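J.: There's a structure below that I have some questions on.
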Amino acid sequence: MGGLRPDYERLLRPLVGDRLLLDEPLARYTVARLGGPADAVAIVHSGAELLKAAQLAWAEGWPVRILGGGANVLISDAGFRGLVIVNHARLVNVSFSGLVYAMSGANLIGVVRQCIERRLAGLEWAIGIPGTLGGAVVNNAGAHGGDMAGCVNKAVVATPEDGMHEWPLERLEYAYRDSALKRRETPFVVVAAELRLTSDADPDALRARADEFTAHRKRTQPPGASLGSMFKNPPGDYAGRLIEAAGLKGARAGGVIISPVHANFFINTGGGAAADYHALIRLAQDTVRERFGVSLELEIELLGEGLESA
Ligand SMILES: Cc1cc2nc3c(=O)[nH]c(=O)nc-3n(C[C@H](O)[C@H](O)[C@H](O)COP(=O)(O)OP(=O)(O)OC[C@H]3O[C@@H](n4cnc5c(N)ncnc54)[C@H](O)[C@@H]3O)c2cc1C
């Protein structure tokens, strides 16, 4: 690229039209409403656009990231030098037989609702999880004893070296909030996924189950802008318990506090910055390591300039 700005305009404008935005603040594409600008944002509306935009970026050697709902990423205040593809490829096809085929930009909670309406059981656990199907496939999202590993039949994945292929469940190598995709150091894009659920369930029973999960979330998790759970639970323990035992409930950096309700949730009380989140992440990791000898591993991802890995 010889120090010149990549030619996003020439290559992406024909693909996405006015959905190409230059120097675009990323805060509006994240749940925590945080994050500085990306050099370019391309909002894609179909699986074909998603694939094409990613392939263009790979061919041109542009730094590129896919954002689903932005529910699991902390984007730095300085933003991202490169292209961010915001995935609004939302087509969902729910069959009464139990197979659900959806584009990766489908809203996960929306997919849960459609499954319940079509009498399909097995995805109710995901009723409170913000973000897209693609983000959930990458992260092996889970709650209330369920997770994507228990639902995914296959994912349609494209990589620069290998083109687009169906990855069966085994190839995704799911583990706790982890997958072969998440561990990859080279680029990939999840274009779509197929879930296998149980057909002919009683929709009232499914609704009651989903309502129970929602009520449980309301009882145990603090309201307000957050990134969900900040750290993974270490084996045999809970990140929230350890942070609380380290005396950090209510600790504050700028506009962000460690929730007095649940210490694994860091709340943006207004005007919080990514730097404030990062300071509290460090504080929690350092204090818990000193007090209990436990290293807390981030559940969220850090993205963008100036956020060294924590
Ligand atoms: C209030 C709250 C509660 C939450 N509760 C839970 C919970 O109970 N359980 C749980 O597991 N998580 C939970 N989360 C975290 C989050 O909702 C999940 O991780 C979710 O699956 C993220 O999806 P997303 O589309 O927002 O992904 P993003 O945050 O947009 O992306 C996450 C990662 O996946 C990559 N990615 C996304 N889509 C694609 C794609 N199509 N192709 C390639 N890469 C892609 C991104 O580049 C990034 O690396 C919670 C978050 C919040 C804010």
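J.: May I ask you to verify whether residue 288 is in contact (Cβ under 8 Å) with a residue 40 or more places away in the chain, of a type outside the set (Phe, Trp, Tyr), out of contact with any Pro (no Cβ under 8 Å at 6 or more places or on another chain) and within 14 Å of residue 244 (Cα to Cα)? Break it down into steps so the answer makes sense when it comes.
T.: Values: in contact (Cβ under 8 Å) with a residue 40 or more places away in the chain: yes; of a type outside the set (Phe, Trp, Tyr): yes; out of contact with any Pro (no Cβ under 8 Å at 6 or more places or on another chain): yes; within 14 Å of residue 244 (Cα to Cα): yes.
Criteria met by residue 288.
J.: I'd like to know if the stretch 95-102 contains one or more residues that are at pLDDT 95 or above, within 12 Å of the ligand (Cβ to nearest atom), touching a helix residue (DSSP H, G or I) at 6+ places or on another chain (Cβ under 6 Å) and assigned by TED's automatic domain parsing to the domain that holds residue 139. Quick ask: steps written out before the conclusion?
T.: If we filter the stretch 95-102 for residues that are at pLDDT 95 or above, which is where we start, we get 98-102.
Among the residues that remain, those that are also within 12 Å of the ligand (Cβ to nearest atom) are: 102.
If we keep only those that are touching a helix residue (DSSP H, G or I) at 6+ places or on another chain (Cβ under 6 Å) too, we end up with 102.
Restricting the remaining residues to those that are assigned by TED's automatic domain parsing to the domain that holds residue 139 gives 102.
Taking every residue of the stretch 95-102 in turn, at least one turns out to be at pLDDT 95 or above, within 12 Å of the ligand (Cβ to nearest atom), touching a helix residue (DSSP H, G or I) at 6+ places or on another chain (Cβ under 6 Å) and assigned by TED's automatic domain parsing to the domain that holds residue 139.
J.: A further question on this structure: Working carefully through the options 125, 58, find the one that is within 13 Å of the ligand (Cβ to nearest atom), out of contact with any Phe, Trp or Tyr (no Cβ under 8 Å at 6 or more places or on another chain) and modelled with pLDDT of 95 or more.
T.: Values: 125 fails: out of contact with any Phe, Trp or Tyr (no Cβ under 8 Å at 6 or more places or on another chain).
Answer to the check: 58.
J.: I need a count of the residues in the stretch 61-83 that are among the hydrophobic types (A, V, I, L, M, F, W, C) and either outside any strand (DSSP E or B) or within 9 Å of the ligand (Cβ to nearest atom) (or both).
T.: Residues of the stretch 61-83 among the hydrophobic types (A, V, I, L, M, F, W, C): 62, 64, 66-67, 71, 73-75, 78, 80, 83.
Of the ones still in play, those that are also either outside any strand (DSSP E or B) or within 9 Å of the ligand (Cβ to nearest atom) (or both) are 62, 66-67, 71, 73, 78.
So the count comes out to 6.
J.: If the requirement is being at pLDDT 95 or above and buried (at least 16 other Cβ atoms within 10 Å of the Cβ), which of these qualifies: 307, 296?
T.: Values: 307 fails: at pLDDT 95 or above.
Matching residue, one of 307, 296: 296.
J.: Given 200, 204, which one is in a loop (DSSP other than H, G, I, E, B), assigned by TED's automatic domain parsing to the domain that holds residue 103 and surrounded by fewer than 21 Cβ atoms within 10 Å (Cβ to Cβ)?
T.: Working: 204 fails: in a loop (DSSP other than H, G, I, E, B).
Only one candidate passes the filter, namely 200.
J.: Return the only residue of 53, 89 being in contact with a strand residue (DSSP E or B) (Cβ under 6 Å, 6 or more places away or on another chain), of a type in the set (A, V, I, L, M, F, W, C), within 15 Å of the ligand (Cβ to nearest atom) and not in a loop (DSSP other than H, G, I, E, B).
T.: Numbers: 89 fails: not in a loop (DSSP other than H, G, I, E, B).
Just a single option satisfies the conditions, and that option is 53.
J.: From (1) out of contact with any Leu (no Cβ under 6 Å at 6 or more places or on another chain); (2) surrounded by 19 or more Cβ atoms within 10 Å (Cβ to Cβ); (3) assigned to a strand (DSSP E or B), pick out the condition that doesn't hold for residue 34.
T.: Here residue 34 clears every test but (3).
J.: Right, next: Against the conditions (1) more than 28 Å from residue 297 (Cα to Cα); (2) within 8 Å of the ligand (Cβ to nearest atom); (3) among the polar types (S, T, N, Q), where does residue 132 fall short? Just the number, please.
T.: Among (1) more than 28 Å from residue 297 (Cα to Cα); (2) within 8 Å of the ligand (Cβ to nearest atom); (3) among the polar types (S, T, N, Q), residue 132 violates only (1).
J.: Hey, could you check the stretch 222-255 for residues that are modelled with pLDDT of 95 or more and assigned to a strand (DSSP E or B) and say which is nearest to the chain's Cα centre (by Cα)?
T.: Filtering first and then ranking leaves 231.
J.: Just need a number here: residues in the stretch 135-180 that are surrounded by 21 or more Cβ atoms within 10 Å (Cβ to Cβ), more than 7 Å from the ligand (Cβ to nearest atom) and part of a helix (DSSP H, G or I).
T.: 3
J.: Moving on. Considering only residues that are modelled with pLDDT under 95 and of a type in the set (S, T, N, Q), look in the stretch 268-293 and name the one that is surrounded by the fewest Cβ atoms within 10 Å (Cβ to Cβ).
T.: 269
J.: For residues in the stretch 33-51 being modelled with pLDDT of 95 or more and touching a Ser or Thr at 6+ places or on another chain (Cβ under 9 Å), which is farthest from residue 159 (Cα to Cα)? Let's see the steps before the verdict.
T.: Going through the stretch 33-51, the residues modelled with pLDDT of 95 or more turn out to be 36-51.
Restricting the remaining residues to those that are touching a Ser or Thr at 6+ places or on another chain (Cβ under 9 Å) gives 36, 47, 50.
On the way: 36: 27, 47: 14, 50: 12 Å.
The qualifying residue farthest from residue 159 (Cα to Cα) is 36.
J.: Is there any pair linking a residue in the stretch 46-71 that is within 21 Å of residue 101 (Cβ to Cβ) to one that is in a loop (DSSP other than H, G, I, E, B), with Cβ under 6 Å and at least six apart or on different chains, and which?
T.: 46/89; 47/89; 50/89; 68/131; 69/130; 69/131
The values are calculated or read from the model by the stated rules, or taken from the named source; none is laboratory data. As the structure is a prediction and not an experimental result, all values here were calculated from the model. Cβ sites come from the backbone with ideal geometry, for glycine too, and all protein chains shown count toward neighbours.
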